[in-house]
Every structure is written in structure tokens, then in C-alpha cells.
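Report on the structure given below.
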Amino acid sequence: MGNANSKLSKDQLEELQKLTRFEKKELKEWHAGFLRDCPSGKLSKEEFCKIYAKFFPFGDPSDFADFVFRVFDSDGDKTIDFKEFMIALSVTSRGDLDEKLKWAFNLYDIDGNGEIEYDEMLTIVTAIFKMMGEMIKLPPDEDTPEKRVDKIYASMDKDKNAKLTFEEFAEGSKKDPTITQALSLYDGLI
């Protein structure tokens, strides 16, 4: 978004206000912090993973951070600029449930084909288990990535084809309090 070391222009601020749920003052504060942490104005995958690791010191968040980075990097240029960062942050921290579900669907749909295949879900859930380490104790029917994914597919995969459409994912997620709670984890924090 413009020169990395410059202030946001009036047009840039207006665009970000339209694209996010942040006010002008908040955007200016976030921009100053973003440039302090990323003087180039771009966040690399390595830098992103280091930041993510600070939030999950008891596990290994590297795989999951890679997947989250892919969703933040909406233009696919292998970096996250301020605009991409704020749009993703807006959805994950202040978006409504449907916006968060679409974002989460894109996270799980690794190949971007519009469906979440069983193996994609297993890859992400395995990364989440690795990230969480021993922090959370799950019931016996969900205590491995395979069991968790099997349970998710049993409840969401209505046509039993080992693929979830967005509609199946959204409908199933709305019925699962653990998923809706996870999607609302950052509400009000930012």
C-alpha cells in the first residue's frame, strides 16, 4: 500500500475503512505498528510464522501458520501487505459468523477448488493438534486428528462423498458449538 515508510493517504484510509470494520484512527495506529514490525511494508512467511509462534509457545504452530499465511496473502505474492493484513484481521476479529465461516472454509480448502476434501481437513486438523500441543484435553472420540475429522465429516458430509461444500461446512459449523466458539475467539480483543 504505497511507500512502505509513508503514512496512509486519505484515499488508502477511505478504501480500508470500506473494506474493514476499523475506524480511521485504528487503521493509522495499526499501520504505524505494522511498519515498525515490517519496515519494508511486507510481511514474509518466515516473519509471520515467528509472530504466530509467540502465541502458541507450548506447541509447534509452524504448519498451521503456513496455512493461515496463505489465506492472508490474498494476491498470492508470498508476502502480506498492510491491506491484506487488515482485511484478514477485520474478518477474523470483527467479522460476522458468515464472514468467518467463509474465511475458515478458504483455510481448509487448501487447493482452492471450492470443496474441502477429507485429506485437506485432516492436514489442517493435524496442524492444529501440533500447534496446541498438550494444552487441550479432548474427549476420547476426538483425541486424534483422524477421530476429530471423522466426527466432523459424520456430521457435515450430508452426501457422504468425503468432500464438504461451503454450504455443508457452514451448516455443520453453525450446529457445532466448538466451531462457532473457535471462530469467535478473537471477537472484541482487537
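Read the figures in this text as sums done on the coordinates, not as results from a lab. The shown structure was predicted, so the numbers you read here are calculated from the model rather than taken from an experiment. Cβ atoms come from the backbone with ideal geometry, glycine included; neighbour counts cover every protein chain shown.
Contact order, relative form, for the range 97-183: 33 percent (alpha carbon pairs under 8 Å, 6 or more residues apart, mean separation divided by residue count).
Other residues lying with their Cβ under 13 Å from the Cβ of GLU171 contribute a combined charge of -3, Lys and Arg counting +1, Asp and Glu -1.
Cross-link reach is defined here as a Cα-Cα straight distance under 12 Å, omitting same-chain residues fewer than 8 places apart; for LYS151 the aspartates and glutamates meeting it are ASP141, GLU142, ASP143, ASP176.
For the range 134-183, the set of trypsin sites (Lys or Arg not before Pro) satisfying both a DSSP loop assignment and a count of at most 12 other C-beta atoms within 10 Å is given as LYS137, LYS158, LYS160. The mean sequence distance of close C-alpha pairs (under 8 Å, at least 6 residues apart), as a share of the length of the chain, puts its relative contact order at 21 percent. Under the simplified labelling scheme, the SER9-LYS160 pair shows an inter-label distance of 5.8 nm, with each label point 7 Å from Cα along Cα→Cβ. 3J(HN,Hα) couplings calculated from phi for the range 45-58 with the Karplus curve 6.51 cos²θ - 1.76 cosθ + 1.60 (θ = phi - 60°) are, in sequence order, 4, 4, 5, 4, 5, 5, 4, 4, 4, 5, 7, 10, x, 9 Hz; Gly and Pro show x. Shape annotation for the range 94-160: C-alpha extents along the principal axes are 33, 30, 20 Å, from largest to smallest. Counting only alpha carbon atoms, the long axis of helix 118-132 and the longest principal axis of the chain meet at about 70°. Using a simple spin-label model with pseudo-atoms 7 Å out from Cα toward Cβ, ASP75 and LYS54 lie 2.5 nm apart. Working ranking of peptides 79-90, 49-60 by packing, defined as the average number of other Cβ atoms within 10 Å per residue, highest first, is 79-90, 49-60.
The lysines whose alpha-carbon is closer than 25 Å to the alpha-carbon of LYS18, local same-chain residues fewer than 8 away aside, are LYS7, LYS10, LYS28, LYS42, LYS78, LYS83, LYS100, LYS102. Could you let me know the centre-to-centre spacing of the range 1-70 and the range 93-127, using Cα atoms, in angstrom? Result: 21 Å between the Cα centres. Summarising the label geometry, the points placed 7 Å from Cα in the beta-carbon direction at ALA182 and LYS28 lie 3.9 nm from one another.
Angle check, please: helix 10-19 long axis (alpha carbons) against the longest principal axis of the chain (alpha carbons), in degrees 0 to 90, nearest 10. Helix 10-19 sits at roughly 20 degrees to that axis.
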